[in-house]
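Asks: Before we start, here is the structure in question, set down as structure tokens.
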Amino acid sequence: MSGHGGHGILKSSLGVSAATLLSRVLGLVRVMLEARVLGGDTVASAWGLAFAIPNTFRRMLGEGALGTALIPLVSETEAKKGPEQVRRELGVVFSVLSLILAAVVVLVTGIALGLYRATFFESVRHAMPILSSERFQLMFLLLPLLMPYAFFICLVGAIGAVLNTRRIFVIPALGALLLNFFLIGGLYAAFRRGLAGSELIGFLEFLAILVLISGAVQLLLMLLLLWKVGRFPILSRRAFRESDILKRLWQLVLPGMIGGAALQISFLVDRMLAICLGPKAVPALTYVDRIIDLPIGIYAIALGSVLTATMSRAAARGNLDELSHDLAFSLRHVYFFCIPMAVGVIFFWEPMLRILCLGGNYTRDDLMAAQMVAIFYGAGIPAFCSVKVLLAPFYARKMMSTTLRYSLIAIGCNIVLNLILMWPLQQGGIALATVLASMLNNGLLLRHLRREGIPFGGREVAAAAARSLGIAVAAGLALYWVYPLIRSRLTFRHVGEFPAFALLGTLFTLLYLAGSRLLRARELSELTDVIRRR
């Protein structure tokens, strides 16, 4: 296969990345406001854990197994039976999915209310006194308001997958902007008012309502887009009786939901355990997670979604050479982008967190509590990103049970390592455990691909990764000693050290690109070629 297919993948994923970049940049603005308004203690701990629960459903279903499984099934049905049958089968899928999501929302809400009011779970609270702590009680208060967001956003993710089969990638990615717009508006208003203490508890309820509204608006817009492209679901009793879409989808989604969501489940487990360490642990994990989510969201998820659609077509044709080429191409580019990001976070975590979080209710002690979390999560960026790419060939060939097996191993490893490392290293140990478990998941997936006889350019990819690592470390070391001088010259009263950090990022990027050009990195020339074609 020629390089044209790889360029097509890169071009499509760059379009999604550009849309996602805008959303993630706004997400960083949101992190800045959240840190300054909610601080890094009890209130932020409750909000971070409460919002993580519906957000995990979003990542598992909205961005995960359901959408991934829908892509090959919808493509197959459309090729064999036409668009009208697709609409009927989508009517079945969305009807059943809505009922399941509604049941999940009611169940989680009921448990949260029961634990908050101690109506049904008094014995549980006596057995676990930590559930009566302020941060847990505040979390139980927020969950009933936040859980309906999971209903809206999971349907949004499923609709986005259907749009991907129509090769519409960018517009669905822009939908995530709505949540950030709503939350930034609410947080900015609170920041201007200088809310503190007990006022923040009432404000959290208002913030949860904003999340709910943003999800409802996003679902409405996606339904309108689905109708515009002629794929709006049709409710049909005959389809419920005759279609086997639910059986096929269930066989893919159940193992794939866990298999593709090992990282998300690990992050949720992290927070559940971290809340036992004290009020500062969850905010430290949450804020750093949001920051490292930038490269994962910008490039890895975008590339993974494009790859799944592309590889599904290759797998349907039985073209394993094309699939292998696309996989090797994508892994090289993931490491080319993500390794320098990891090195940047490791070297410059402190100024990064100072700019993004320090101020308002977020103190210097809160920042130092995030030190080891930033270093370890930063080191894990390449592993977090590459797993999105490695899952694509499994999903394209509907091998969900394989990813399930390996992900369960990784999740179990994460839990064991958490319990071992969290006490000596606190929240840093929790972050390290997640990184090690993700690396294990990567290794298991790569080994299976090799056993399946699907080459992924192991030596070529390893050489590209080593080259990127060497260039990035050299650039980081050079600027690590220079940055104090830059900071002393470019720190100003109203904008702080942001100009200095912006210059640092620019210099780091230029040095990395110059080193890549000097060492003739293929990824740089391929990227340049795509940009010129556009």
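For every residue, the table says whether it meets (1) in contact with a helix residue (DSSP H, G or I) (Cβ under 9 Å, 6 or more places away or on another chain); (2) aliphatic (A, V, I, L, M); (3) open to solvent by less than 60 Å² (accessible area, probe 1.4 Å); (4) under 30 Å from Ala281 (Cα atoms).
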position: Asn418; (1), (2), (3), (4): yes, no, yes, yes
position: Gln427; (1), (2), (3), (4): yes, no, yes, yes
position: Thr434; (1), (2), (3), (4): yes, no, yes, yes
position: Gly470; (1), (2), (3), (4): yes, no, yes, no
position: Val473; (1), (2), (3), (4): yes, yes, yes, yes
position: Ile486; (1), (2), (3), (4): yes, yes, yes, no
position: Val495; (1), (2), (3), (4): no, yes, no, yes
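Asks: In region 389-399, is there at least one residue being β-branched (Val, Ile, Thr), within 20 Å of the chain's Cα centre (by Cα) and open to solvent by 20 Å² or more (accessible area, probe 1.4 Å)?
Replies: no
Asks: Let me ask another. How about region 338-378: which of its residues are closer than 27 Å to Glu523 by Cα and in contact with an Asp or Glu (Cβ under 8 Å, 6 or more places away or on another chain)?
Replies: Tyr377 - this is the single residue of region 338-378 that is closer than 27 Å to Glu523 by Cα and in contact with an Asp or Glu (Cβ under 8 Å, 6 or more places away or on another chain).
Asks: Give region 107-158 a look and list any residue that's in a helix (DSSP H, G or I), modelled with pLDDT under 75 and not small (Gly, Ala, Ser), or say none.
Replies: Residues of region 107-158 in a helix (DSSP H, G or I): 107-117, 122-127, 129-132, 134-158.
Of the ones still in play, those that are also modelled with pLDDT under 75 are 117, 122-127, 129-132.
Hits for region 107-158 are Arg117, Glu122, Val124, Arg125, His126, Pro129, Ile130, Leu131.
Asks: Please work out if Leu503 is over 17 Å from Phe336 (Cα atoms), surrounded by fewer than 13 Cβ atoms within 10 Å (Cβ to Cβ) and at pLDDT 95 or above.
Replies: No; evaluated as a whole, the condition is false for this residue.
Asks: Related question: Would you list the helices (runs of 4 or more DSSP H) that sit entirely within region 441-534 and hold 1 or more residues that are within 26 Å of Arg354 (Cβ to Cβ)?
Replies: 458-489, 498-518
Asks: Can you name the residue in region 182-208 that is small (Gly, Ala, Ser) and modelled with pLDDT of 90 or more and is also surrounded by the fewest Cβ atoms within 10 Å (Cβ to Cβ) among such residues?
Replies: Filtering first and then ranking leaves Gly185.
The values are calculated or read from the model by the stated rules, or taken from the named source; none is laboratory data. The structure displayed is predicted, hence computed values, not measured ones. Because the Cβ atoms are built from the backbone with ideal geometry, glycine has one as well, and the counts that use them run over all protein chains shown. Note: accessible area is taken over every heavy atom of the protein model, side chains too, but ligands, DNA and RNA are not part of it. Shrake-Rupley method; radii C 1.70, N 1.55, O 1.52, S 1.80 Å.
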